[in-house]
1. Go over the candidates 89, 56 one by one and state the one that is in the same structural domain as residue 111 (by TED's automatic domain parsing), in contact (Cβ under 8 Å) with a residue 12 or more places away in the chain and either at positive phi or crowded, with 21+ Cβ neighbours inside 10 Å (or both).
2. Out of curiosity, is residue 297 touching a strand residue (DSSP E or B) at 6+ places or on another chain (Cβ under 7 Å) and buried (at least 21 other Cβ atoms within 10 Å of the Cβ)?
3. Would you kindly identify the helices (runs of 4 or more DSSP H) lying entirely within the range 205-275 that contain at least 2 residues that are more than 26 Å from residue 179 (Cα to Cα), assigned by TED's automatic domain parsing to the domain that holds residue 323 and at pLDDT 95 or above?
4. Tell me whether the range 114-129 contains one or more residues that are assigned to a loop (DSSP other than H, G, I, E, B), closer than 21 Å to residue 10 by Cα, touching a helix residue (DSSP H, G or I) at 6+ places or on another chain (Cβ under 7 Å) and assigned by TED's automatic domain parsing to the domain that holds residue 376.
5. Name the pairs: first residue in the range 182-193 and surrounded by 16 or more Cβ atoms within 10 Å (Cβ to Cβ), second residue part of a helix (DSSP H, G or I), Cβ to Cβ under 7 Å, at least 6 apart or on different chains?
6. Give the residue that is farthest from residue 118 (Cα to Cα), with candidates limited to residues of the range 141-179 that are in a helix (DSSP H, G or I) and out of contact with any helix residue (DSSP H, G or I) (no Cβ under 8 Å at 6 or more places or on another chain).
7. Would you pick out the residues in the range 334-350 that are in a helix (DSSP H, G or I) and surrounded by fewer than 21 Cβ atoms within 10 Å (Cβ to Cβ)?
């Protein structure tokens with residue numbers, strides 16, 4: 001039975017709470033629900049971010065939602081239905097496909113509202129994959145992270161646009177603020193990365209996986225006429241040690257190994273971005289949004305992004321950054337050299353324009369308020 005109290009209970013479901021944009025969005029909405037006098041529940045298989053959920057006012061329920069087999073989905077549907085009844089849940093918000101199937105079945109059995117966020121641009125390279133992905137388009141309202149994702153939903157699932165809300169991800173401009181970065185944070189990270197003094201630094205943040213374009217950036221660095229640029233790849237290989245080794249071998253083959261750093265995870269991204277003379281997004285597949293782009297812009301850093309997916313909407317060519325054809329190492333090299341050649345005044349003006357654009361349209365607060373509006377709408381229509 002849906003919750004009829006003045007404090008709606010929102011249950012978000014996702015596979016686990018380890019790392020990534022889905023997890024961060026779930027935590028930000030947990031904070032918003034709790035801060036608006038709602039009850040915020042998160043169900044997942046757990047992980048290190050459970051403590052963060054609890055810190056921002058939510059409660060975590062451990063369920064094996066990271067299992068994808070049909071049997072596991074069916075069992076999880078029963079578990080979620082029991083949880084919905086026990087906690088008097090008003091809305092179930094699904095953020096990933098396997099948990100979404102379980103959540104949809106549970107919502108049908110209990111009569112509660114069902115909302116989804118279409119976080120990714122899902123592959124359809126296997127039989128029946130579109131049908132599997134289609135669960136993310138079954139929400140009463142489907143939240144899309146960008147206009148690009150909204151267009152994909154309409155094209156693939158024939159969903160009426162009126163059921164879609166484009167709610168971009170956001171950054172907290174009070175955290176991603178160049179004015180508050182203490183020099184010791186920068187010095188500590190520069191030492192950890194072994195950055196030479198006075199050398200331009202190009203940074204690509206993102207987990208080490210082939211479609212994130214690390215190989216493209218290494219090829220671009222090798223093509224540049226400048227030979228004093230240090231390249232830092234920030235992100236975990238998540239056990240893909242073979243790919244990490246491939247990147248090392250590529251750098252050696254190109255003669256740039258002494259100027260390439262595989263930095264692993266970074267727990268101080270504002271400092272990492274501030275150390276960057278150029279921040280690169282080089283993905284070769286469309287990203288639903290690409291949060292690192294707006295994080296870099298919030299720090300006033302020049303961004304060069306692949307011209308596809310969400311970043312094509314957040315980077316205005318020549319005004320708040322540059323866009324280049326995906327996978328084109330020569331174009332990427334030329335754009336990086338163009339940025340590095342900018343006079344300081346032009347660089348600062350571009351950085352300020354980029355930060356202002358983020359403050360106007362891509363903040364965590366704006367994303368939270370828009371999502372709460374979705375919840376209010378479905379409850380009002382129930």
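The values are calculated or read from the model by the stated rules, or taken from the named source; none is laboratory data. Remember, it's a predicted structure, so these values are computed and weren't measured experimentally. Because the Cβ atoms are built from the backbone with ideal geometry, glycine has one as well, and the counts that use them run over all protein chains shown.
1. None of the others qualify; the one that does is 89.
2. yes
3. In the range 205-275, the matching helices (runs of 4 or more DSSP H) lie at 214-223, 241-254.
4. yes
5. 185/271; 186/271; 186/274; 189/271; 189/272
6. Here the answer is 179.
7. Those that are in a helix (DSSP H, G or I) and surrounded by fewer than 21 Cβ atoms within 10 Å (Cβ to Cβ): 334, 337, 338, 340, 344, 345, 346, 347, 348, 349.
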